[in-house]
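Heads up: the structure comes next, in structure tokens.
The values are calculated or read from the model by the stated rules, or taken from the named source; none is laboratory data. Nothing here was measured: the structure is a model prediction, and the numbers come from that model. Using ideal geometry, Cβ is built from the backbone for each residue, glycine included, and neighbour counts are taken over all protein chains shown. With ligands, DNA and RNA removed, areas are computed over all heavy atoms of the protein, side chains included. Shrake-Rupley method; radii C 1.70, N 1.55, O 1.52, S 1.80 Å.
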Amino acid sequence: MGRMITAECTNCDACVPDCPNEAISEGDDIYVIDSNLCTECVGHEDEPQCVLVCPVDCCVPDPDHEETKEQLQAKYETLQAA
Ligand code: SF4
């Protein structure tokens with residue numbers, strides 16, 4: 001399952017440099033995660049880095065993008081090959 005950012009985001013920018021997939025960017029109101037790029041850090045790290053650094057805990061599982069660890073690993077490999 002990918003991650004999404006909720007309305008609690010304070011636009012602090014802390015998560016952007018720590019995302020190994022460069023999946024996070026500034027949105028219209030809050031920061032956003034590109035579900036095509038988010039692997040929950042599978043392939044890079046043991047846990048999602050945005051979750052570790054976000055001061056308000058607003059990087060949560062995205063119910064609209066349910067993916068297994070195997071699917072996230074396959075996405076990681078596809079992104080690496082691109
Ligand atoms: Fe928003 Fe959290 Fe990222 Fe800061 S670290 S920009 S509060 S999602």
- Query: If we scan the stretch 13-22, do we find a residue that is in contact with a Leu (Cβ under 6 Å, 6 or more places away or on another chain), of a type outside the set (Ser, Thr, Tyr) and on the phi < 0 side of the Ramachandran plot?
  - Reply: yes
- If you go through the stretch 61-72 one residue at a time, do you hit one that is in contact (Cβ under 8 Å) with a residue 24 or more places away in the chain, open to solvent by less than 20 Å² (accessible area, probe 1.4 Å) and within 16 Å of the ligand (Cβ to nearest atom)? yes
- Message: Looking for something β-branched (Val, Ile, Thr), within 11 Å of the ligand (Cβ to nearest atom) and either surrounded by fewer than 16 Cβ atoms within 10 Å (Cβ to Cβ) or at pLDDT below 95 (or both) - is there at least one such residue anywhere in the stretch 17-32?
- Response: yes
- Among the residues of the stretch 36-52, write down those that are over 12 Å from the mean Cα position of the chain (by Cα) and surrounded by 15 or more Cβ atoms within 10 Å (Cβ to Cβ). GLY43
- Query: Which condition breaks for PRO63 when tested against (1) in contact with a Cys (Cβ under 6 Å, 6 or more places away or on another chain); (2) over 22 Å from ALA82 (Cβ atoms); (3) not polar (S, T, N, Q)?
  - Reply: (1)
- Message: Just to verify a result, which residue in the stretch 1-33, among those that are more than 12 Å from the chain's Cα centre (by Cα) and of a type in the set (Gly, Ala, Ser), is farthest from LEU52 (Cα to Cα)?
- Response: GLY27
- Answer yes or no: is there a residue in the stretch 41-60 that is within 19 Å of GLN80 (Cβ to Cβ), modelled with pLDDT of 95 or more and near the ligand (Cβ under 8 Å from one of its atoms). no
